[in-house]
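**Q** My structure is below; once you've seen it, I'll send some questions.
Throughout, read-outs are computed from the coordinates displayed, never taken from laboratory work. Not measured: the values here are computed from a predicted model. FYI the Cβ positions are ideal-geometry reconstructions off the backbone, even for glycines, and counts take in every protein chain you see.
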Protein chains: 2
Amino acid sequence: MREGLSVSEAQAIVLEAASPLGAETVPCADGLGRALAEPVVSGRTLPPEDNSAMDGYAVRAADVARPPATLSVVFEVPAGGHAPRPLEPGEAARILTGAPVPLGADAVVRQEDTERDGDRVRVLVAPAPGEHVRAAGEDVERGETVLEAGARLGPAQLGMLASLGRTSVAVRRRPQVALLSGGDELVEPDGDVSGGRIVSSNSYTLAAACREIGAEPHYLGIARDEPADIERRLRAGLRCDALVSSAGVSVGDHDHVRGVLEKLGCRLLFWGVKMKPGYPFVFGRFDDGAGPLVFGLPGNPVSALVTFEQLVRPALLALAGHRALHRPRITATLGETLTKKAGRLHFVRVRLEREGHEVVARTTGNQSSGVLRSMTEAQGLLIFPAEATRLAEGEPAQVQVLDPDFLASAGSGV
Amino acid sequence: MREGLSVSEAQAIVLEAASPLGAETVPCADGLGRALAEPVVSGRTLPPEDNSAMDGYAVRAADVARPPATLSVVFEVPAGGHAPRPLEPGEAARILTGAPVPLGADAVVRQEDTERDGDRVRVLVAPAPGEHVRAAGEDVERGETVLEAGARLGPAQLGMLASLGRTSVAVRRRPQVALLSGGDELVEPDGDVSGGRIVSSNSYTLAAACREIGAEPHYLGIARDEPADIERRLRAGLRCDALVSSAGVSVGDHDHVRGVLEKLGCRLLFWGVKMKPGYPFVFGRFDDGAGPLVFGLPGNPVSALVTFEQLVRPALLALAGHRALHRPRITATLGETLTKKAGRLHFVRVRLEREGHEVVARTTGNQSSGVLRSMTEAQGLLIFPAEATRLAEGEPAQVQVLDPDFLASAGSGV
């Protein structure tokens, strides 16, 4: 097992192991946000035939080349129906948006550009041939690939599937993620916190972080610091796609998780990542994909969430078949000077403020890995590179943006 | 009723009417992504007492000021328990991360900086007083406001609520959105499309667009072009917070929706927005909040989605109590020259590509409002201002970013 990797080395090993999960067919309504498992090829021509883009009159353009011109209104094309016969010279047909253009007609004149008088209509403008007509196949030709495998299904894609008559779609499975907490000092949120006990908040933080990206958390509860209880709970998570433990992976006396994992057949690939917060991180897998990817996170609330961000979230997105794995990243200007020792990459929790054309990053205060408060206030994680020892106020720095609202615009720009 | 508003005027009227909905108390697990209805004040001190940030030994710093120093290991502090007695001079206590620091001790020495020998430990470095000790209240003081009203609940916020012992939380209600389609030519995706009938894709597009932002769609089905059927369906949507119809609001013969809305007591505030796609848009409300906000969208698939983006989505986010209402906006460079007539603001569907430090925007091709395909390919909507008639290749333009994956970084930056 390798030890003390750089963050990029660790990320590469994790992503190497995170191949897209298998496909499943779901009702389209459940497809939102998921990755297509196969291309979507149209079985239809859309629109199926020439139809009107406007409410007005279908005409033969040649008849009205020198407006005004008066035509006989010989029928109305019903929405969802067809003209009873082709249009002859000198004739017009009343037509509504979306209705098929009658044979013989080659243009539509907007209602606003006509004057109706009984069964006659006076056309005031000369339409070009094809004007206000949507041609058959303009949107989609039968046999065309309209969505590529791997595409994320958003509202427009789901509307397209509906248009093609599809009610179900093949997408990558949602990653099933087992979450384990561990430690004799931990209780659930409604538990008794007297006597130095604290709430096991990591399971709640990490469950939400899973749900946010469409993964499904399965909570295995809080394991006591004894191998039998840890093993019993871990076994329950072996059918998942990923197992995320925030039980101890430190060098402490009570660390039984690693031993149990190895006993269950998990091969640990690395231990320790040169980052802060979050050095004590372990990653393992079962050979031949016989079990989940295994992520052992530090127990501290901030360390757990920051290592999840760097090493688990991209892997879960890759399992789900997505191609965009990383948080948006911006260049910000440091609002204060930061120093550290060389050797570990620091993820500095920062607040972000727009000042003119710049974004200024300032730390959220106490950067202790036990201070979850700092994480609730952090809009981003500033990357303080491993070998750097000083970043001066006013210098540019890279920031991973965590707060989706920060990216939202203050206005629509209209 | 006003007619022919600019997009910004229309948006202002809609947002003026969209006050945050009432609060409801939900289990924390259901709070993800929602807006807090009230501030969260801590009923706890976190951590509740001084505790160890490391696995190692609790010591009196004065005892080991000149290392190496050998101390007696007199007890171990159990996780989730307390020391049996205060630490006396010359004594050390074995301690694990998170365990309370015994009275008398004022620092923790990391295990790596010690050598254990039976019931004695040799301390190799001199800790500063307070080193590796997390002070009581370092994270949160009892009575402190830890989250402001209106804050969006993400993973860190939900973890914080768990830490405070909270299992439920008061958030703004999710907007309930009634969706109505209308037109005799429309069928559901599994319906028969012979004879010029087409699938009513808007309900599927718009339902997904609602879900994406946490609103709950309620589908009222496809109304026939007759007042009785429209009225029956609209009545079923009156208990919702918003009613979105993509039945005809054009000047066409078969437009009964507006009449029925007025009959039901809806006051129409404006009709027609100077935008393309999407001019035929109507907005109304019931006085005294006796019914939903009413949005009448054009029937064309692209017009429906683009007007939803500009005028419905921000309103639904405001109803949900969110403060960030608009899509991220970037400045892109035009990859081609665009021209149009003055008078309407055009939302041009564009693909976005990073080229060096720039983002280049190019149209998705056919900009017809019937071509849903263009919307599935659009990563953004380029704003071609109402009075502008030409935007030249190479010029900067504002783009609303629709594709969340476009903002994702190609790498984590580590």
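**Q** Which percent, to the nearest 5, of DSSP beta bridges fully inside region A:265-414 are antiparallel?
**A** So the antiparallel bridges in region A:265-414 amount to around 90 percent.
**Q** Divide, for the protein assembly as shown, the radius of gyration over alpha carbons by 2.2 N^0.38 Å, where N is the residue count. If you can, show how the numbers build up before the last one.
**A** On the way: Rg = 31.5 Å, N = 828, 2.2 N^0.38 = 28.3 Å.
Here the Cα radius of gyration is 1.11 times the empirical estimate.
**Q** Counting every Cα pair in region B:367-414, what percent are over 17 Å apart? Write down the numbers at each step before the final one.
**A** Details: 616 of 1128 pairs.
Counting pairs separated by more than 17 Å, the tail of P(r) holds 55 percent.
**Q** Using DSSP to define loop residues, name the trypsin sites (Lys or Arg not before Pro) in region B:291-384 whose beta-carbon has at most 15 other beta-carbon atoms within 10 Å. Display every interim value, and only then the final one.
**A** On the way: sites: B:R323, B:R329, B:K340, B:K341, B:R344, B:R349, B:R351, B:R354, B:R362, B:R373; in loops: B:R323, B:K340, B:K341, B:R344.
Qualifying residues, ordered by number: B:R323, B:K341.
**Q** Additional query: Find every distance from the label point of B:K341 to the corresponding label point in the other copies (7 Å from Cα along Cα→Cβ) and write them in nm, one decimal, shortest first.
**A** Those separations, rounded to one decimal, come out as 7.3 nm.
**Q** Show me, bin by bin at 5 Å from 0, the whole-percent P(r) of region B:51-134 based on Cα pairs.
**A** In order of increasing distance, the bins hold 3, 19, 32, 29, 14, 2, 0 percent.
**Q** Roughly how many Å is it from the Cα centre of region B:377-414 to that of region A:1-46, as a whole number?
**A** For region B:377-414 versus region A:1-46, the Cα centre distance is 26 Å.
**Q** What are the ³J(HN,Hα) couplings of region B:220-231, residue after residue, when phi is run through the Karplus curve with 6.51, -1.76, 1.60 and θ = phi - 60°? Round to Hz, x for glycine and proline.
**A** Calculated HN-Hα couplings, in order: 8, x, 9, 7, 6, 6, 9, x, 5, 5, 4, 4 Hz.
**Q** A follow-up question, please. Let me spell out the model: positive unit charges on the Cβ of Lys and Arg, negative unit charges on the Cβ of Asp and Glu, origin at the Cα centre of region A:51-134. What dipole size does that give, in debye rounded to 20?
**A** I would put it at about 80 debye.
**Q** Under 22 Å between alpha carbons: how many lysine pairs meet that in chain A, if sequence neighbours fewer than 8 apart on the same chain are excluded?
**A** On the way: A:K274/A:K340; A:K274/A:K341; A:K276/A:K340; A:K276/A:K341.
Close lysine pairs found across chain A: 4.
**Q** Take A:T364, A:T114, B:T307 and order them by how many other Cβ atoms sit within 10 Å, fewest up front. If you can, show how the numbers build up before the last one.
**A** On the way: A:T364 18, A:T114 23, B:T307 28.
Fewest to most other Cβ atoms nearby, the residues stand as A:T364, A:T114, B:T307.
**Q** How many percent of DSSP beta bridges within chain A run antiparallel, rounded to 5?
**A** Working: 57 of 85 bridges.
Once the DSSP bridges in chain A are tallied, antiparallel ones form about 65 percent.
**Q** What nm distances, shortest first, do you get from the label point of A:G356 to those in the other copies when the point sits 7 angstrom along Cα to Cβ?
**A** Those label-point separations list as 2.4 nm.
**Q** May I ask for the net charge around B:S201, where only other residues with Cβ less than 11 Å from the Cβ of B:S201 are counted and Lys, Arg are +1 while Asp, Glu are -1?
**A** Values: positive: A:R166; negative: A:D139, B:E188.
Within the 11 Å Cβ shell, the charges total -1.
**Q** Just which residue of chain B brings its Cβ nearest the axis of rotation onto chain A, and by how many angstrom, rounded whole?
**A** B:L407, 3
**Q** Counting other beta carbons within 10 Å of each Cβ, put A:S19, B:S303, B:S52, B:S194 in order, fewest first. Each step should come with its number before you reach the end.
**A** Numbers: A:S19 12, B:S303 23, B:S52 26, B:S194 9.
Ordered from fewest to most neighbouring Cβ atoms within 10 Å, A:S19, B:S303, B:S52, B:S194 come out as B:S194, A:S19, B:S303, B:S52.
**Q** If you count the DSSP beta bridges with both ends in the protein assembly as shown, what percent of them are antiparallel, to the nearest 5?
**A** 70 percent
**Q** Quick one: order B:E262, B:E188 by neighbouring beta-carbon count within 10 Å, fewest to most. Intermediate values should be presented prior to the final figure.
**A** On the way: B:E262 13, B:E188 17.
Neighbour counts put them in this order, fewest first: B:E262, B:E188.
**Q** Using amide H atoms built 1.01 Å from N in the peptide plane, name the residues 5+ places from A:V133, or on other chains, whose amide H lies under 5 Å from its own.
**A** For A:V133, whose amide H was placed from the backbone, the distant partners under 5 Å are A:A53, A:V108.
**Q** Counting helices only, and only those DSSP H runs with n ≥ 4, report the 222 nm mean residue ellipticity of the protein assembly as shown as the sum of -39,500 (n - 2.57) divided by its residues, in deg cm²/dmol to the nearest 500.
**A** Numbers: 18 runs with 144 residues, N = 828.
Here the helix-only value at 222 nm equals -4500 deg cm²/dmol.
**Q** Could you give, in nm with one decimal, how far A:P68 is from each other copy of that position, shortest first, with labels 7 Å out from Cα toward Cβ?
**A** List, nearest first: 11.0 nm.
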